[in-house]
Amino acid sequence: MRRFIRQDECVSTSTHKLSKLLSHSRPDDPIVWWCNKLITRDKFLGDVYFVASQLPATQYAINMCNDRYLFLVAFAAVLVARQTNLLPPNRAKTVLEDIIESYDDCYYLSDELIDDLDLQQHKISLPAFQNELHRAGALKKGQGDDLNDAPIDIPKIADKHIAAITFTSGSTGRPQANKKNWGGLVLGALLAQSRFGIKDGEAVSIIATVPPQHMYGLETSVMLPLLTGSLVYSGATFYPEDIRNAVANMPEPRILITTPVHLNTCNELLVDLPAVKFIISATAPLATCIAETAEVKFQTQVMEIFGCTETGSIASRRTLDGDDWQLYDGFKINRFDDKAFISGAYLAEPVALADLVEVESDERFKIVGRCADMVNIAGKRGSLSDLNQKLLGIEGVRDGVFYLPDIEGATLGTTKERLVAFVVAPELDEKKIISSLSVMVDPVFLPRPLYKVNSLPRTQSSKLPRNRLTEFYNTLRKT
Amino acid sequence: MNEKSELEQNIAQLIVDTLNLEEVDADEIEPDQPLFNEGLGLDSIDALELALAISKRYGCKIKSDEENARVFSSLRALSDYVQTNGATK
């Protein structure tokens with residue numbers, strides 16, 4: 001039995017200081033572009049201490065900040081306060097409620113509070129005056145109330161401290177928790193830095209279109225900038241014009257962190273982009289044609305990262321180089337029964353991959369498909385059995401199932417793929433069922449359309465094999 | 001006033017066609033009805049697709065800013081935006 005490398009064998013057991021992460025930057029170095037101004041390291045740290053001093057004294061903070069800079073400050077402040085960031089997979093009400101039920105000692109932390117939440121909420125606010133942040137820094141140094149210009153202390157966070165808990169929908173119907181300790185997050189960022197050739201202290205500009213709450217956005221737009229002292233953009237990056245504007249505002253060299261859907265839209269809408277060193281895509285496999293167009297149009301290289309919420313990012317490739325993925329240093333892949341397992345680096349134990357892979361060596365693999373239960377809609381991963389359970393839990397629904405049609409000619413990573421649902425619910429109309437679903441799942445999984453039917457095409461043993469569903473779907477479409 | 005202008009009708013059809021909303025009749029989309037979350041129930045992925053389609057058809061670029069934060073709030077709002085910023089009608 002192969003011995004798997006534990007995280008504490010990879011890194012020293014001494015406390016990982018943020019100073020290791022920001023050690024190449026000086027107090028006045030900019031680390032975030034936010035609201036038309038550059039935020040320096042010291043301003044950031046001052047904000048962090050200030051926010052930390054305001055937080056409720058509980059163990060878990062559900063960090064739902066919408067703004068990237070505020071998320072970054074909140075994330076770090078939660079750590080400084082020795083708390084853990086809870087990061088829900090989406091903003092669905094019932095998912096939030098499930099998490100609240102599982103963590104007694106938590107509160108909602110955001111830049112925008114929400115209605116109808118039976119939980120303590122804390123709205124993040126930054127120090128209004130410059131001297132407030134200096135005071136926060138001075139207090140940290142134990143210098144009382146003196147205002148001074150000394151650089152603000154960089155906080156120390158223990159490797160083993162659980163920095164964040166991410167959640168995935170599994171087949172159990174309840175969100176599955178994945179604990180991320182600080183040492184593991186730092187190591188993940190080091191591995192990415194090494195893979196993408198970002199040198200220590202190199203001031204790279206990072207523009208991300210993905211939210212910081214999810215592993216991909218957390219690693220690339222929170223941890224990576226903290227590690228390398230890069231400048232991260234905090235502003236709208238939703239529409240292609242926003243992305244263009246963001247890139248133009250940031251100094252070279254620049255890295256664009258995005259997804260197949262966004263990259264495809266940029267290809268279609270933008271004539272060009274100011275120079276980007278490379279583009280990284282993740283959350284779903286990137287079609288070669290999208291990568292090709294982007295490389296030519298934007299005069300850059302398009303790379304991809306492979307990973308999942310459970311493992312974090314573990315491998316990369318340049319799309320146009322071919323199907324092989326190369327694991328980050330320290331990870332290994334093995335087949336066991338009919339599944340592939342990833343182990344090594346910071347993983348406490350081997351993790352099974354949801355994707356079907358062909359293992360080429362213990363460091364290289366190809367993706368050949370997905371396990372039948374998993375779907376990926378516009379980059380968001382979902383479990384069909386989880387979705388089905390939620391559907392069946394709606395009062396008035398007697399039977400129902402989600403189905404993902406094969407769409408001819410759909411390019412991977414464009415938005416044509418949507419789930420449909422077949423539902424037996426004589427007393428409910430489609431709108432009511434969809435409305436009930438909408439508080440339970442990410443909006444991209446809502447069925448389009450939802451077909452109300454008299455019965456599902458179950459076999460004698462009550463199963464719903466895919467070929468039956470396909471036939472059923474085709475019949476419904478004709479009517 | 002719930003009568004739709006020609007532009008609004010065209011955009012309603014564009015929404016249905018672009019997003020493959022099989023069960024929706026373009027005529028049924030009310031001009032003041034919310035497009036996102038409730039009403040038509042579109043999501044952020046749809047917003048990108050729509051921005052693409054609108055840009056290609058009408059030549060206007062959509063970006064996130066204070067002014068046009070509400071451009072997708074309803075068919076009427078979208079139509080007004082296209083009217084003001086579009087190159088072709």
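The values are calculated or read from the model by the stated rules, or taken from the named source; none is laboratory data. The model shown is predicted, which means the values in this text are computed figures rather than measured ones. Note that each Cβ is placed from the backbone with ideal geometry, even for glycine, and that neighbours are counted across all protein chains shown.
A few comments on the model shown:
- Listed here are the strands (runs of 3 or more DSSP E) enclosed by the range A:334-430 that have at least 1 residues being touching a Pro at 6+ places or on another chain (Cβ under 8 Å) and more than 29 Å from B:Ala51 (Cα to Cα): A:339-344, A:364-370.
- Residue check for A:Ile314: out of contact with any Ser or Thr (no Cβ under 9 Å at 6 or more places or on another chain), farther than 29 Å from A:Leu86 by Cα and crowded, with 16+ Cβ neighbours inside 10 Å: no
- Condition check for B:Lys89: modelled with pLDDT under 90, more than 14 Å from chain A (Cβ to nearest Cβ) and over 13 Å from the mean Cα position of the chain (by Cα): yes
- Yes/no for A:Asp200 being of a type in the set (Asp, Glu) and touching a His at 6+ places or on another chain (Cβ under 8 Å): yes
Residues are listed down the side, and each one gets a yes or a no for (1) assigned to a helix (DSSP H, G or I); (2) buried (at least 16 other Cβ atoms within 10 Å of the Cβ); (3) more than 14 Å from chain A (Cβ to nearest Cβ):
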{"residue": "B:Ile45", "(1), (2), (3)": "yes, yes, no"}
{"residue": "B:Leu52", "(1), (2), (3)": "yes, yes, no"}
{"residue": "B:Ala69", "(1), (2), (3)": "no, no, no"}
{"residue": "B:Ser79", "(1), (2), (3)": "yes, yes, yes"}
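- Index of the failed condition, A:Pro449 passing every other in (1) within 13 Å of chain B (Cβ to nearest Cβ); (2) without any contact (Cβ under 8 Å) to a residue 24 or more places away in the chain: (2)
- Single unsatisfied condition, B:Leu75 versus (1) hydrophobic (A, V, I, L, M, F, W, C); (2) within 28 Å of A:Val210 (Cα to Cα); (3) within 12 Å of chain A (Cβ to nearest Cβ): (3)
- The one condition from (1) more than 30 Å from A:Thr94 (Cβ to Cβ); (2) among the charged types (D, E, K, R); (3) touching a residue at least 60 places away in the same chain (Cβ under 8 Å) that A:Lys390 does not meet is (1).
- Note on the range A:224-290: enclosed helices (runs of 4 or more DSSP H) holding 3 or more residues that are within 21 Å of B:Leu48 (Cβ to Cβ) and facing another protein chain (nearest Cβ under 9 Å) are A:240-249, A:260-269.
- Residues within the range A:423-433 that are in contact with a Leu (Cβ under 9 Å, 6 or more places away or on another chain), buried (at least 18 other Cβ atoms within 10 Å of the Cβ) and either more than 14 Å from every other protein chain (Cβ to nearest Cβ) or more than 13 Å from B:Gly41 (Cα to Cα) (or both), tallied: 1
- Residue within the range A:382-396 that is touching a strand residue (DSSP E or B) at 6+ places or on another chain (Cβ under 9 Å) and within 14 Å of another protein chain (Cβ to nearest Cβ) present: yes
- Of the residues making up the range A:247-267, those that are under 24 Å from A:Asp200 (Cα atoms) and surrounded by 19 or more Cβ atoms within 10 Å (Cβ to Cβ) number 7.
- The range A:434-446, residues that are in contact with a helix residue (DSSP H, G or I) (Cβ under 8 Å, 6 or more places away or on another chain) and within 12 Å of chain B (Cβ to nearest Cβ): A:Leu437, A:Val439, A:Val441, A:Pro443, A:Val444, A:Phe445, A:Leu446
- Strands (runs of 3 or more DSSP E) lying entirely in the range A:73-155 (those with 3 or more residues that are of a type in the set (Ser, Thr, Tyr) and either out of contact with any helix residue (DSSP H, G or I) (no Cβ under 6 Å at 6 or more places or on another chain) or at pLDDT 90 or above (or both)): A:106-110
- Checking each residue in the range B:1-42 for being farther than 18 Å from B:Tyr81 by Cα, within 13 Å of another protein chain (Cβ to nearest Cβ) and of a type in the set (A, V, I, L, M, F, W, C) picks out B:Val16, B:Leu19, B:Leu21, B:Val24, B:Leu40, B:Leu42.
- Any hit, the range A:362-377, residues being touching a residue at least 60 places away in the same chain (Cβ under 8 Å), of a type in the set (Lys, Arg) and within 26 Å of A:Ser194 (Cβ to Cβ): no
- Residue tally, condition part of a loop (DSSP other than H, G, I, E, B) and under 21 Å from A:Arg418 (Cβ atoms), over the range A:448-476: 6
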